[in-house]
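Below is one structure, written out as structure tokens, with a few remarks after it.
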Amino acid sequence: MEQIWADVDKYHDQTLVKPNAEFVNLQNALIEAELPPISVTPSLGKLLELLVRFHGSRRVLEVGTLGGYSTAWFAKALPANGYLLTLEIEPKHAAIARKNLDRLAFPCQLEIKVGDAVQSLKELHESQARPFDLIFIDADKSQYPDYLDWCIKLARKGSMIIADNVVREGAIIDERSEDLSVQGVRRFNEAVSRDPRLQATAIQTVGAKGHDGFCVIYVDK
Ligand code: SAH
Ligand code: DHB
Ligand code: MG
């Protein structure tokens, strides 16, 4: 990774993003808990917060909680009548997230559901959950196509779906890649491409986490 990318991220954090002490403490708590350093960067977290605000989202669904860092940016944006559901397969991750998010005491209702996200999404659909306004896909990259199918069912006309890590240092363009994450995201892109209900773009990013990117989808169903 180029040092300048991390330095510019740091500069933007200091000038524009300005994560408050609670967000900095949360990042430190996740390092102390020895979670992998794969949470969204502060600048992407801030973008997620702003998207919730621009879009006026009230119901946010997240697939992949880890320590709850991206979750916290969503929770910061949601009003008291907002609802945030985040799905996590690892009980240990969910427990760390729960502890840290409770400390931040956000006004919205915040639930962490432990289990395989595909199963949880299926159950949500079967229980006729109200549609979500904004959905963030960020769990197992090899399962992105499955998450997408269920997330479309849980969306409404005008919902926004954002998928993280869709570039992977450029590996995404290697159609012969044997990396299951790359294959998963390529199948995800193909599914988006052939679905007439979806309009999408992807933005490459460089920063403290190297070269990656995210996909933004508009649901028209
Ligand atoms: N969104 C977080 C980072 C998530 S990392 C942030 O930016 O702060 C990906 C998470 O997805 C990990 O915690 C991993 O345990 C979880 N995960 C992997 N496979 C999953 C599955 N099938 N269902 C639910 N969660 C899963
Ligand atoms: C990985 C997962 C992420 O969600 C991320 O933002 C970066 C890396 C990973 O599994 O390697
Ligand atoms: Mg990610």
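Note that the range 205-221 has calculated 3J(HN,Hα) couplings of 10, 10, x, 4, 9, x, 9, 8, x, 9, 10, 10, 10, 9, 9, 10, 10 Hz, one per residue in order, obtained from phi through the Karplus relation 6.51 cos²θ - 1.76 cosθ + 1.60 (θ = phi - 60°); glycine and proline are x.
Only the Cβ atoms of Lys and Arg (+1) and of Asp and Glu (-1) were treated as charged; on that basis the dipole of the chain about its Cα centre amounts to roughly 900 debye. Near the amide H of residue 62, within less than 5 Å, lie the amide hydrogens of 85, 86, 87, 136, all on another chain or at least 5 residues away, with H placed in the peptide plane.
Per-residue extension of 0.36 nm, minus the Cα-Cα distance of residue 24 and residue 199, leaves a gain of 59.5 nm for this segment.
Remark: C-alpha extents of the chain on the principal axes read 43, 41, 33 Å, sorted largest to smallest. Just to verify a number: FRET efficiency for residue 221 and residue 119, C-beta to C-beta distance, R0 = 22 Å, to 0.05? E between residue 221 and residue 119, to the nearest 0.05, is 0.45.
Restricting everything to alpha-carbon atoms, can you work out Rg to Rh for the range 120-186 with a Kirkwood hydrodynamic radius?
Working: Rg = 13.5 Å, Rh = 12.9 Å.
Radius of gyration over Kirkwood radius for the range 120-186 works out to 1.05.
What's the exposure ranking of 151, 108, going from fewest to most Cβ atoms within 10 Å? Each step should come with its number before you reach the end.
Details: 151 25, 108 18.
Ascending Cβ contact count within 10 Å gives the list 108, 151.
Just check the range 49-122 against the gyration tensor rule for me: Cα atoms, a ≥ b ≥ c as the square roots of the eigenvalues, rounded for a/c under 1.5, and otherwise prolate or oblate depending on whether a/b exceeds b/c. Oblate shape, in that a/c is at least 1.5 and b/c is the bigger or equal ratio. Using the Karplus relation 6.51 cos²θ - 1.76 cosθ + 1.60 with θ = phi - 60°, the per-residue 3J(HN,Hα) values for the range 119-133 come to 5, 5, 5, 4, 5, 4, 5, 5, 8, 6, 4, 4, x, 9, 7 Hz, with x marking Gly and Pro.
So for each of 31-40, 171-180, 57-66, 77-86 I average, over its residues, the number of other beta carbons within 10 Å; can you give me the resulting order with the highest mean first?
Values: 31-40: 14.2, 171-180: 12.2, 57-66: 24.9, 77-86: 18.7.
Highest mean packing first, the order is 57-66, 77-86, 31-40, 171-180.
All Cα-Cα distances of the range 86-163, cut into 10 Å bins from zero to the largest, leave 17, 48, 32, 3 percent in each bin in turn.
Bridging of residue 10 to lysines at a Cα separation below 18 Å is possible for 18, 46, 209, once same-chain residues fewer than 8 apart are set aside.
The share of Cα pairs per 10 Å bin across the range 1-78, counted from zero up to the longest distance, runs 18, 47, 31, 4 percent.
Under the 0.36 nm per residue contour assumption, what length would be gained going from the current alpha-carbon distance of residue 2 and residue 103 to full extension?
32.9 nm
Amide H contacts under 5 Å for residue 221: 157, 158, restricted to partners 5 or more places along the chain or on a different chain, H placed in the peptide plane at 1.01 Å from N.
Computed from the coordinates by the stated procedures, all read-outs in this text should not be read as laboratory data. Since the structure is predicted, the reported quantities are computational estimates derived from the model, not experimental observations. A quick note on method: Cβ atoms are made from the backbone with ideal geometry, for glycine too, and the neighbour counts reach across all protein chains shown.
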